[in-house]
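Shown next, in structure tokens, is the structure this report addresses.
The values are calculated or read from the model by the stated rules, or taken from the named source; none is laboratory data. Computed from a prediction, not measured in an experiment: that's the story for all the values here. Quick reminder, even Gly has a Cβ in these numbers, built from the backbone with ideal geometry, and neighbours come from all protein chains shown.
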């Protein structure tokens with residue numbers, strides 16, 4: 001949705017999405033649950049070249065990682081290096097086509113250890129996620145092309161009436 005003349009207008013979707021294996025709920029590391037709330041978008045990335053998004057974007061290589069180790073000084077951040085930055089880090093290239101196009105959902109921008117790390121909106125492979133939100137490849141490209149950091153885009157994740165979902169900010 002996008003606000004136009006004091007009204008919300010649908011600009012994309014609806015589109016089917018996959019969420020965490022155990023559904024949605026309170027954020028926590030290692031539970032394969034998609035956090036509920038309203039969150040800003042952060043860094044965009046992909047194994048493919050920038051599709052035209054205005055969001056900060058990098059093309060992932062096998063040297064791009066997302067650190068998910070709560071004990072690491074780079075917890076819940078993108079790290080570029082020849083090896084894993086910690087004992088629990090996801091390689092953003094080797095994870096495959098689900099990361100052809102993706103954007104970080106800033107669930108834990110304060111990087112509070114154990115709260116949750118590495119939650120993204122990304123391309124679906126048809127299966128539930130480990131906590132991310134996954135949509136079709138074409139839809140993901142459309143979302144990236146629509147996102148504009150100057151508009152402070154947010155995503156609301158929940159069940160039922162979106163106005164009842166607590167803010168994650």
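Under the condition of being farther than 23 Å from residue 137 by Cβ and in contact with a strand residue (DSSP E or B) (Cβ under 7 Å, 6 or more places away or on another chain), which residue from region 82-105 is surrounded by the fewest Cβ atoms within 10 Å (Cβ to Cβ)? Steps first, answer last, please.
Step one: list which residues in region 82-105 are farther than 23 Å from residue 137 by Cβ, which gives 82-89.
Now narrow it down to the ones that are in contact with a strand residue (DSSP E or B) (Cβ under 7 Å, 6 or more places away or on another chain): 84-86, 89.
Working: 84: 14, 85: 20, 86: 16, 89: 21.
Checking each candidate, the answer is 84.
Going by the structure shown, is residue 29 under 30 Å from residue 159 (Cβ atoms), surrounded by fewer than 16 Cβ atoms within 10 Å (Cβ to Cβ) and modelled with pLDDT under 95? Lay out the reasoning, then the answer.
Numbers: under 30 Å from residue 159 (Cβ atoms): yes; surrounded by fewer than 16 Cβ atoms within 10 Å (Cβ to Cβ): no; modelled with pLDDT under 95: yes.
No, not satisfied.
So which residues in region 112-164 are touching a helix residue (DSSP H, G or I) at 6+ places or on another chain (Cβ under 9 Å) and part of a helix (DSSP H, G or I), if there are any at all?
Selection gives 137 alone.
Assuming residue 60 fulfils every condition listed in (1) exposed (fewer than 15 other Cβ atoms within 10 Å of the Cβ); (2) at pLDDT 95 or above apart from one, which condition is it?
Among (1) exposed (fewer than 15 other Cβ atoms within 10 Å of the Cβ); (2) at pLDDT 95 or above, residue 60 violates only (1).
From the list 95, 72, 87, pick out the single residue that is in a loop (DSSP other than H, G, I, E, B) and closer than 22 Å to residue 19 by Cα. Before you say what the answer is, go through the steps one by one.
Numbers: 72 fails: closer than 22 Å to residue 19 by Cα; 87 fails: closer than 22 Å to residue 19 by Cα.
From the options 95, 72, 87, the qualifying one is 95.
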